[in-house]
1. Under 10 Å, Cα contacts only: if you run a Gaussian network model on the chain, which one of 15, 291, 145 comes out with the highest mean-square fluctuation?
2. Using Cα-Cα distances under 8 Å and only pairs 6 or more residues apart, what relative contact order does the range 1-83 have, in percent?
3. In square angstrom, rounded to the nearest 10, how much accessible surface does residue 40 have for a 1.4 Å probe?
4. Enumerate the calculated ³J(HN,Hα) couplings along the range 52-66 in order (Karplus 6.51 cos²θ - 1.76 cosθ + 1.60, θ = phi - 60°), each rounded to whole Hz, writing x wherever the residue is Gly or Pro.
5. Using amide H atoms built in the peptide plane, which far-off residues or other-chain residues are under 5 Å from residue 425 H to H?
6. On the full set of protein chains, 1.4 Å probe, figure out the accessible area of residue 75 and give it in Å² to the nearest 10.
7. Tell me which aspartates and glutamates have Cα within less than 18 Å of residue 374's Cα, excluding those fewer than 8 residues away on the same chain?
8. Restrict the search to the range 167-216; then list the trypsin sites (Lys or Arg not before Pro) that DSSP places in a loop and that have at most 14 other Cβ atoms within 10 Å of their Cβ.
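The values are calculated or read from the model by the stated rules, or taken from the named source; none is laboratory data. Just so you know, these numbers come straight off a predicted model, no measurement behind them. Because the Cβ atoms are built from the backbone with ideal geometry, glycine has one as well, and the counts that use them run over all protein chains shown. In case anyone asks, the SASA skips ligands and DNA or RNA and just uses the protein heavy atoms, side chains included. Shrake-Rupley method; radii C 1.70, N 1.55, O 1.52, S 1.80 Å.
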Amino acid sequence: MSHIKIAVIGLGYVGLPLAQLFATKYAVIGFDIDHERVSELKLEIDHTREVDRTMLSEVLSPDPEMTKGLFCTNKVDHLKECDFYIVTVPTPVDETNHPVLTFLLKASEIVGAALSKGAIVVYESTVYPGATEEDCVPVLEKASGLQYNTDFFVGYSPERINPGDKKHTIDKILKVTSGSTKEVARRVDSLYSSVITAGTYIAPSIRVAEAAKVIENSQRDINIAFVNELAKIFNLMNIDTQEVLKAAGTKWNFLPFTPGLVGGHCIGVDPYYLAQKAQTYGYHPEIILAGRRTNDSMGYYVAAELIKLMVAKNIKIKGAHILVMGITFKENCPDVRNTKVVDVVENLKSYSTEVSIYDPWASPGEVMKEYGFKTLEQLPKEGTYDAVILTVAHEEFKSISYQRLLKSNGVLYDVKGILEQTVDGRL
C-alpha cells in the first residue's frame, strides 16, 4: 500500500496529527480552507500544539507529487487523483444545540469535485448514526457525477483524539474502522492498521461505527453529570466532594469521574447529535439530555457559588475584581471551542463585577474573536483581586501562590479541586 496517495480534509486538532502520522509512510495532501493555517504549517508552526516542530519538519514536503510526506495546501486542484480522502472537519451544534453539518457537507462537495473512480472517502467527524450515507454520500454523488458503491466508496472511522494528551497520542489509541462494503472495510482497516500501533477494530457497518462514536462521549457526559449533581448535594451538606470520591474510589469497580465544567467539541456536543437523531424516530431521550442539562448549567452554578462565598466575607459584589484562571475547555490545551468557562465569566459579569481572564495556553486573538473577551498577557504580581477562581487545571496553575493575588479577605475558589493549599470553595 506504500504507493497510495491520501488527502486529509481539515488540518485542525484531529486532521493534522492524522496527516502527520500517515505522512511517515505515505504521500499525504493536507487540505484546509484556512490560508493562514496552511501558511503557518508550512513554517512548521502548529498553534494547536498537537504536533511539534520536529515532527512537522520530518514529514513536510514542498512537492505535491512526493512519494512520501505531507504537502499542505488550500488549493482544491491538489486533491485530484488521491486514493483515499479522509474528512476531519468540525461538526458543532448551534445556539439551540442542533447539529450543524455545514462544514461536513461543504467538505463533501470539495471532495466530490476531486473524486475519481475507485476512490474511498472516509469520514472521521462526529455525526449521528446514518449521516455518512444519508447526508454526505448524496453530496459526493452530485458533485462527482459518480455512483456510490459502484464508482466510489465510503468508510467511517471515528476520531479519538484527546487534545493536550501527550501520552495517549493518535497512534496509541485503538481505532474503530468501517466501510460501505466488506472489501472496502478491509481496505480502510488495512490503511489505518499500518500506522496505528494500538490496533484497529472493524465495525460491522458504518452506522455501528457512527453510533459507537456518539455513545463514547455521551457515556462520559452522563457520568460527569452524575458527579456534578453529587457536588451540588454535598455542598449543601457541607461535605467535601473530592474526599467522598476518594473514599468511594477504594472500591475496585468505582468509576473515577470528577466534577467540573464540561465543554469542548466532543463531550459537550456529541450527546446532542444522538438525541437529535433519536427524536426523528419519535423517541425523546431522557437520561442523555438530563445529563447535558446538568453539565450545561454548571458554569452558572459555579459563578453563583463564588458570589455566595464573597458575600459571606462581606465583600462588596458590585465592582468587585475577580480573576478567572483559565478559559480553554480543558487543561494543557489551547482549544477554546465551546468552553463552559464562558458561562462562568458571563454570569459573574451579570453581578456587575470586574472580571479579568488569564490563560497562558489560549490565544488572546482567538478568545477575542470567539467570545469578545480580552485576556491578560501576564499574571499580575500584586494582590489586587477580591476573588480568584481556578476554572481550568493547567499544570502551570498548580504551583502558583494564589494568596499573593488576593486582597487580605479575598476568596479562592478551586473548581477542579487540584490545589493542596487552603481554598474557600471547590466543587
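1. Comparing 15, 291, 145 in the GNM, the peak value goes to 145.
2. Values: 145 pairs, mean separation 30.5, N = 83.
Reported relative contact order: 37 percent.
3. 40
4. 7, 4, 4, 5, 5, 4, 6, 10, 4, 9, x, 10, x, 9, 5
5. Here 412, 414 satisfy the definition.
6. Solvent-accessible area, nearest 10 Å²: 120 Å².
7. 335, 343, 346, 354, 359, 366
8. On the way: sites: 167, 172, 175, 182, 186, 187, 207, 213; in loops: 167.
In loop regions of the range 167-216 (DSSP not H, G, I, E or B), the sparsely surrounded trypsin sites (Lys or Arg not before Pro) are 167.
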